[in-house]
């Protein structure tokens, strides 16, 4: 009798075992991977001599002949590390303290350039670190570019990645289709150009309601959250959806999540946040939580963190996909068991203002690559990685498969009970 190949393995072995996807899918993937291999990480730290302790905005400008084009910006709520992901070219990095939090630079605000405005030459695939800069008194430094990040013209000129931050939509939005979810897996760059990704709202922001950010997994899409959103008490909570191309390296997806949420936080100072993540989205969301722990040293933001069927230990089939597939979906690299990305997640202990609950599912069978129990997609061994359990206030199991847990009455009731407790907690 043939072994049953689960859904995640179909993603890994398409083309190898001739299951679900054609060679055309791999050809499309090859183009996007080739594009991603040209990108470089630009990273440094930003420090500030200002006494105001307001948000810091780091700006990346590309020099194109005689034109200086703003191609990206990063919002930092405290001094520390910033990151850009860029294609080859000539760049300049500047920053300012947004003293009145209007996303517009004024000459009275603290500002600075990396290396006094020196040009940074970025080569294909070559990462650059230690691009450190310090913001100085406005009498010492003035930004010649005078950026206005609220301008529609500025937003239109910002190139890849095109990440939304608070666009109001409905779950019926055509961008939220299963087809687009698959494109995000196989053609992540095309997804970013077509869909854009980011955090979407289902209603206007309400300061009296607690945001609940839903984060899908590999090949996922927002409509997978329909059942949970339907049961959400909309008088006390407002649903937000993080939509991203799941084929990207997980560190890149996590950076998109952090930046999208940071842009919202500049305008809307929420004091409580709920993060609900499914499958691989749990790994991405833990990276977000780590950033909150590192940056929110005063513990002003209280967070309820829920992960559902997350492969904390990676997936046993990922190494085979990395080694033998005609083209490698970038996220496979991070799904190899005990990958550097996975190991780094648990180097930051959760603080007291983070309440974490680990949900796992076990309705499946024997895992075909180690004869371990699974949920039809992810092994129990991976879902119940010791470090993840140690961080959790409670670990809760459900007799559901990898996807049905999102529609499970028992799981939904438990989530809603945790939300009720959280909303009443000081």
Report the residue count in the stretch 405-426 for those that are surrounded by 13 or more Cβ atoms within 10 Å (Cβ to Cβ), farther than 16 Å from residue 281 by Cα and in contact with a strand residue (DSSP E or B) (Cβ under 8 Å, 6 or more places away or on another chain).
8
Just to be sure before I move on: is residue 121 in a strand (DSSP E or B), loosely packed, with under 14 Cβ neighbours inside 10 Å, modelled with pLDDT of 90 or more and not assigned by TED's automatic domain parsing to the domain that holds residue 268 in the structure I sent?
yes
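Conditions tested, residue by residue: (1) at pLDDT 90 or above; (2) surrounded by fewer than 17 Cβ atoms within 10 Å (Cβ to Cβ).
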{"residue": "158", "(1), (2)": "no, yes"}
{"residue": "165", "(1), (2)": "no, no"}
{"residue": "178", "(1), (2)": "yes, yes"}
{"residue": "184", "(1), (2)": "no, no"}
Do you know which of the residues in the stretch 353-379 that are modelled with pLDDT of 90 or more and surrounded by fewer than 24 Cβ atoms within 10 Å (Cβ to Cβ) is nearest to residue 297 (Cα to Cα)?
353
Name the one entry in 261, 257, 301, 250 that is in contact with a helix residue (DSSP H, G or I) (Cβ under 9 Å, 6 or more places away or on another chain), at pLDDT below 95 and surrounded by fewer than 19 Cβ atoms within 10 Å (Cβ to Cβ).
301
So, in the stretch 381-402, of the ones that are crowded, with 19+ Cβ neighbours inside 10 Å and in contact with a helix residue (DSSP H, G or I) (Cβ under 8 Å, 6 or more places away or on another chain), which residue ends up farthest from residue 224 (Cα to Cα)?
398
Do you know which residues across the stretch 77-105 are part of a loop (DSSP other than H, G, I, E, B), in contact with a strand residue (DSSP E or B) (Cβ under 7 Å, 6 or more places away or on another chain) and over 14 Å from residue 59 (Cα atoms)?
79, 88
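How many residues does the stretch 206-218 hold that are assigned to a loop (DSSP other than H, G, I, E, B) and either touching a helix residue (DSSP H, G or I) at 6+ places or on another chain (Cβ under 8 Å) or surrounded by 23 or more Cβ atoms within 10 Å (Cβ to Cβ) (or both)? Walk me through it before giving the result.
At the first step, the residues of the stretch 206-218 found to be assigned to a loop (DSSP other than H, G, I, E, B) are 206-209, 216-218.
Retained after the next criterion (residues that are either touching a helix residue (DSSP H, G or I) at 6+ places or on another chain (Cβ under 8 Å) or surrounded by 23 or more Cβ atoms within 10 Å (Cβ to Cβ) (or both)): 216-218.
Adding up the residues that qualify gives 3.
Among residues belonging to the stretch 50-67 that are farther than 19 Å from residue 141 by Cα and in contact with a strand residue (DSSP E or B) (Cβ under 9 Å, 6 or more places away or on another chain), point out the one that is surrounded by the fewest Cβ atoms within 10 Å (Cβ to Cβ). Break it down stepwise before answering.
First pass over the stretch 50-67, keeping only residues farther than 19 Å from residue 141 by Cα: 62-67.
This time we only want the ones that are in contact with a strand residue (DSSP E or B) (Cβ under 9 Å, 6 or more places away or on another chain), so: 62-64.
Numbers: 62: 19, 63: 15, 64: 11.
Checking each candidate, the answer is 64.
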Selection from the stretch 262-296 of residues assigned to a strand (DSSP E or B) and over 13 Å from the mean Cα position of the chain (by Cα) yields 272, 273, 274
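Quick one: would you say residue 198 is crowded, with 23+ Cβ neighbours inside 10 Å, more than 22 Å from residue 402 (Cβ to Cβ) and either in contact with a strand residue (DSSP E or B) (Cβ under 7 Å, 6 or more places away or on another chain) or free of Cβ contacts under 8 Å to residues at least 60 places away in the same chain (or both)?
Yes; evaluated as a whole, the condition is true for this residue.
The values are calculated or read from the model by the stated rules, or taken from the named source; none is laboratory data. Remember, predicted model here, so these are calculated numbers, not experimental data. With ideal geometry, Cβ positions are generated from the backbone for all residues, glycine too; neighbour counts draw on all protein chains shown.
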